[in-house]
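Beneath this line is the structure, given in structure tokens, with notes to follow.
The values are calculated or read from the model by the stated rules, or taken from the named source; none is laboratory data. Everything quoted here is computed from the prediction, not taken from an experiment. Neighbour counts run over all protein chains shown; Cβ positions are idealised from the backbone, glycine included.
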Amino acid sequence: MASRLLWASRAASYLRISVFHRGFSSVIKDLKYADSHEWVKVDGNSATIGITDHAQDHLGDVVYVELPEVGVTVKQGASFGAVESVKATSDVNSPVSGKVVEVNEELSSSPALVNSSPYKDGWIIKVEMDSAGELKKLMDADQYTKFCEEEDSKH
């Protein structure tokens with residue numbers, strides 16, 4: 001048992017996964033967040049974008065994801081697609097500007113991945129960023145958590 005725990009903690013530190021479970025939803029360190037509830041994971045000039053756990057939790061069961069075409073340009077803060085749930089349809093905005101280089105085709109047949117795995121299998125698009133400077137306008141995990149807590153307390 002102890003060896004399995006040691007392996008699990010080694011695996012977690014190897015994958016650098018740090019998830020904080022606070023009452024409502026998880027926020028992952030090393031990601032940047034927009035106030036419209038999208039996350040971005042940056043790797044060099046490439047940015048993977050999805051909606052946050054908080055957003056999918058508020059939306060409810062996702063039944064359809066509207067994806068953009070590969071090759072289109074997205075602008076920071078502008079809508080590039082939508083997520084439709086049993087409750088509502090919500091625009092998805094890009095946290096960064098750039099060119100869409102990949103879309104998550106899996107979401108066409110399995111839109112619920114946005115609910116079950118918002119930070120991993122439920123990613124929506126990958127973008128080649130125009131300017132890494134735009135990341136300064138986004139929140140880190142702690143700022144985003146506080147933002148969500150404040151937003152939830154208003155409702």
For GLY23, work out the one condition from (1) under 30 Å from THR89 (Cβ atoms); (2) modelled with pLDDT under 90; (3) among the small types (Gly, Ala, Ser); (4) in a helix (DSSP H, G or I) it doesn't fulfil. (4)
Failed condition for SER46, given (1) in contact with a Ser or Thr (Cβ under 6 Å, 6 or more places away or on another chain); (2) touching a residue at least 60 places away in the same chain (Cβ under 8 Å), with all others met? (1)
Take the residues in region 133-155 that are in contact with a strand residue (DSSP E or B) (Cβ under 6 Å, 6 or more places away or on another chain) and hydroxyl-bearing (Ser, Thr, Tyr), then tell me which one is farthest from SER26 (Cα to Cα). TYR144
In region 121-155, what count of residues is obtained for those that are within 19 Å of THR48 (Cβ to Cβ), surrounded by 13 or more Cβ atoms within 10 Å (Cβ to Cβ) and not hydrophobic (A, V, I, L, M, F, W, C)? 9
Among the helices (runs of 4 or more DSSP H) lying completely within region 41-155, list those that include at least 3 residues that are under 16 Å from the mean Cα position of the chain (by Cα) and not aliphatic (A, V, I, L, M). 53-59, 141-154
Pairs, please: C-beta under 7 Å, at least 6 apart or cross-chain, first residue within 10 Å of TYR33 (Cα to Cα) and modelled with pLDDT of 90 or more and in region 139-155, second assigned to a helix (DSSP H, G or I) and not hydroxyl-bearing (Ser, Thr, Tyr)? MET139/PHE147
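Applying the selection to region 29-40, what residues are over 16 Å from VAL101 (Cβ atoms) and either exposed (fewer than 15 other Cβ atoms within 10 Å of the Cβ) or under 11 Å from the mean Cα position of the chain (by Cα) (or both)?
Answer for region 29-40, where residues must be over 16 Å from VAL101 (Cβ atoms) and either exposed (fewer than 15 other Cβ atoms within 10 Å of the Cβ) or under 11 Å from the mean Cα position of the chain (by Cα) (or both): LYS29, ASP30, LEU31, LYS32, TYR33, ALA34, SER36, HIS37, GLU38, TRP39.
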